[in-house]
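Comments concern the structure below.
Nothing in this text is a laboratory measurement; each read-out follows from the coordinates by a stated rule. Predicted model, so just to flag it, every value in this text is computed and none were measured. Using ideal geometry, Cβ is built from the backbone for each residue, glycine included, and neighbour counts are taken over all protein chains shown.
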């Protein structure tokens, strides 16, 4: 870190600071009359107005906005109805053809901004008018019903923070260390505060029959995505969600309505939800026969493996980043579809010594948990790893242990310990141990 | 709510549902070949492509995007690097000349989306290049230092959810029921997950002197906003924040760096923070002499009244909304700058009978807490109120009790119980009791 010295571009103290000893500008000299500015701002738009009075502007990187030499000498932009992030911030999801990955390595805390929540859709993001959207509930119920969005919002609501992880997150890591960054290896998981009505509340309303044990959930996207959901394990927590991080669901996350099954794989949390059919057996859709099964070494495919087991990843330092010698806070995320994370351990020597990381409060069930671990990097090669234990006592497996059980045939539910290799030059890369 | 019947525009079940009994389309007839779509999507942009193949489109309200009759028959939009909300969602901050109000009545849960976090600035929102931004710490310290943003991000980080409320929130309510909506009466409070370095960590680094008891914090906006902060009460919790809800601070909330003093009035949480000067007395800036004091009935102004006391507001039903007879979940927010909310009570009869509301977990200190209260509205006139008690035992005062102590001279720190009047026609309006 730098020693001593004043800040370069903004070196002058405020003109209205009572402790301003420097004989610089008078309050008159700068002519930033607040009333005049507000009047001007009212008739002009944003920085376009402000920039007109700036004597000199820096044009930095091509994507950066023009910046005044001294922001205290230039009236700022007026309030706006709906804010945007700073032009300097360029972190994005990494889009594929039918998914996009959250940039975990750039994020802080546990909340994923909705704009950066990962995506996975099977035939694109539909455009749905919420006023015309309906949810049909039928099958083994006392009376079939359709619900408007207004109907659903009138029920008692529930909010909770929860992660959603795609079953295929880290699928590229089965055979080789393929992902170059944490975004590429682990970017199909995100956390939001979700709000909706409890599935149990709505099923009570339609008179769920005693013999109903499974439910078909269907989306109104162009894939008409469908999954069979066993009722017993989800009745306590399943939500029909219409809001995410305070505002309406984003289109990519199922606007206007999605199913949330906390801790279960993302594809079962049907988005753009339009239909629930109650039955007494699984419906065997293509998504649970040709897809979303786990092929074991003996050729048998495990079906309906919904729960996302405990997993963690160090997001900084992580692949593609560059380390400087000295103090480094190792930061990452841990989560478990079985409940709360109770322990995260970090190793900086490829798994020989493990020490407990600090868990950032709040630690919530079925939610990303931020962990932090202080480290001094002395310029030597290192292998960084994290492993998570959840409230059931289950510990995230090593790659070796996972493959011993699962083999190499699987696509989904890869939750092995991730290793990042720090080279002597400080570069960090994916390196399976 | 509607009885029975299938959904109108999307009445046909999925073609690939195994329980599809209707003799409708064959999988061939719709010709939604996934591979073809993905290839097409790669060379076209979003719905522009998808719309070209839609036989008929509804153009709804002028602001709504075109919507296919049946979204399952139209390939959806491809993934995007940075998501936007649905075109149907139009909730906005309500901008004044130097502030904008959060639309509390449209929000869910406790997290405020960054785009809708209230604003308050004293000479506009500056544009600051984070690579050139510096924080100077000087005065009663062992060695003055400037820190780059990279320097600050290398320190151990802390994340927490916390509300920030403007001292002037609800200021219009002192003399009359002026605000027509919850946004107008209470929209200067918002909650985010903030991440940064603890003030205590950075002050340890510069060698805080024993005699230092106050700190001047200065922003690099065009008002060079400055406040004096007593150190003792903030050392445990104050943060120098660079992130909000996972991503970088938004420009309106102090990008690239702001002070967060959990539970204290927003103006003291200096945004665009560029300087901390340590001293042994308050610095008496204009913001604590001409502004941000509380003028009492006896003509004496209380100074340095930083803490935002316990407060709550019913956000639904609230002013400007329209009620329908039957079940209504009364929903609102409660918060206290002193710690956790321990109880929220709701009255539907103007304060004669109070009953406990359910607090939505997680209930976090110095953070918005969502409360819910089930109610049957039978079409009669009603006065809805909420009152909050915090972990210190302090209970939010009635308007009468607040004014008995504070009189009518004050601008800041109005935290009286808010009343909403429900008329027989279901219209809801601000009505002081």
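Please report the antiparallel percentage of the DSSP beta bridges confined to region A:97-302, to the nearest 5.
Looking only at bridges with both residues in region A:97-302, the antiparallel portion is about 90 percent.
Consider the operator that turns chain B into chain A: which B residue has a Cβ nearest its axis, and what is that gap in Å?
In chain B, the Cβ lying nearest the symmetry axis toward A is B:362, 3.
Which distances, shortest first and in nm, link residue B:353 to the matching position in the other copies, using label points set 7 Å out along Cα to C-beta?
Reported distances to equivalent positions: 6.6 nm.
I need to check one value: relative contact order of region A:277-433, counting alpha carbon pairs closer than 8 Å and at least 6 residues apart, in percent.
Computed value for region A:277-433: 28 percent relative contact order.
Out of all DSSP beta bridges with both ends in region B:311-430, state the antiparallel percent to the nearest 5.
95
Taking a ≥ b ≥ c as the square roots of the Cα gyration tensor eigenvalues, with a/c under 1.5 meaning rounded and otherwise prolate when a/b beats b/c, else oblate, which class fits region B:311-430?
The shape class here is oblate.
Can you list, shortest first in nanometers, how far residue B:340 lies from the same residue in the other copies, with each label 7 Å from Cα toward Cβ?
Copy-to-copy label distances for residue B:340: 1.2 nm.
Would you mind putting A:286-295, A:84-93 in packing order, based on average other-beta-carbon counts within 10 Å, highest first?
A:84-93, A:286-295
If I stretch the segment between residue B:380 and residue B:295 completely, what's the gain in nm (0.36 nm per residue apart, minus their alpha carbon distance), one decimal?
26.6 nm
Shielding of B:223-230 by partners, i.e. mean partner chain Cβ atoms within 10 Å per residue?
Shielding by partners across B:223-230 averages 4.
Report, in whole Å, the centroid distance computed from the Cα atoms of region A:319-371 and region B:277-320.
40
Report, for residue A:304, each distance to the same residue's label point in the other copies, shortest first and in nm; define the point 7 Å along Cα→Cβ.
Sorted ascending, the copy-to-copy spacings read 6.6 nm.
On average, how many beta carbons from a partner chain sit within 10 Å of the beta carbon of a residue in B:131-138?
Taking all residues of B:131-138 together, the mean is 5.
Give me a single rounded figure for B:184-197: the average over its residues of other chain Cβ atoms within 10 Å of their Cβ.
Partner Cβ neighbours, averaged per residue: 2.
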